[in-house]
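The values are calculated or read from the model by the stated rules, or taken from the named source; none is laboratory data. Nothing here was measured: the structure is a model prediction, and the numbers come from that model. Using ideal geometry, Cβ is built from the backbone for each residue, glycine included, and neighbour counts are taken over all protein chains shown. We work out accessible area using only protein heavy atoms, side chains counted, and drop any ligands, DNA or RNA first. Shrake-Rupley method; radii C 1.70, N 1.55, O 1.52, S 1.80 Å.
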Amino acid sequence: MKIIGIFLILCAQLTFAQTEKAESYNHGHNGIELVSRCQKGNTVIVSTYNAKMTIREEIAQNIFKMYEANQLENNQWLTVTCNQAKVYGKCSIRTKNKLTAIDFYFEKVYWNSGTTEVYVKPTKP
């Protein structure tokens, strides 16, 4: 009888143990987050797509810093870190004359709380 009780307690602990939560979202924010002139003399526009509102500006600042340090390439998948989360996404770079447009598409957001959010394109009714 004691063995059955211990077994039930063990099963209950395994069932209710905290695991990483994965959630989907389809209500991201799209827009220009940063317009700045970099050290190379050209104007850089950083736009984010499918972004979470609370971290979009900080992610754009970090992408701009990566661009100035020559760490970005066109159509590159990368992880950008901010205070609240790590964001995995695709970076697209377009250049024309002295204007550079950097588009960053959020795919996954790994929050420091352990929750993972995955962007899912909304379906049309």
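Taking all protein chains into account, the per residue accessible area for the chain stands at 69 Å² (1.4 Å probe).
Here the chain is treated with +1 on each Lys and Arg Cβ and -1 on each Asp and Glu Cβ, and its dipole about the Cα centre works out to around 240 debye. The sum of -39500 (n - 2.57) across all DSSP H runs of n ≥ 4, divided by the residue count of the chain, sets its helix-only mean residue ellipticity at 222 nm to -7000 deg cm²/dmol.
If each residue of separation counts as 0.36 nm, what is the full-extension length gain between Gln61 and Thr123 once their alpha-carbon separation is subtracted? Show your work: numbers first, answer last.
Values: separation 62, 0.36 × 62 = 22.32 nm, distance 3.10 nm.
Here the answer is 19.2 nm.
For the chain, the relative contact order works out to 26 percent when only alpha carbon pairs closer than 8 Å and six or more residues apart are counted.
To put it simply, the accessible area of the chain at a 1.4 Å probe is 54 percent carbon and sulfur. Subtracting the Cα-Cα distance of Asn26 and Thr115 from their residue separation scaled by 0.36 nm leaves 30.5 nm.
Need one number: convex hull volume per residue for the range 23-125, Cα atoms only, in Å³.
Working: hull volume 10.3 nm³, N = 103.
Taking the convex hull of the Cα positions in the range 23-125, it is 100 Å³ per residue.
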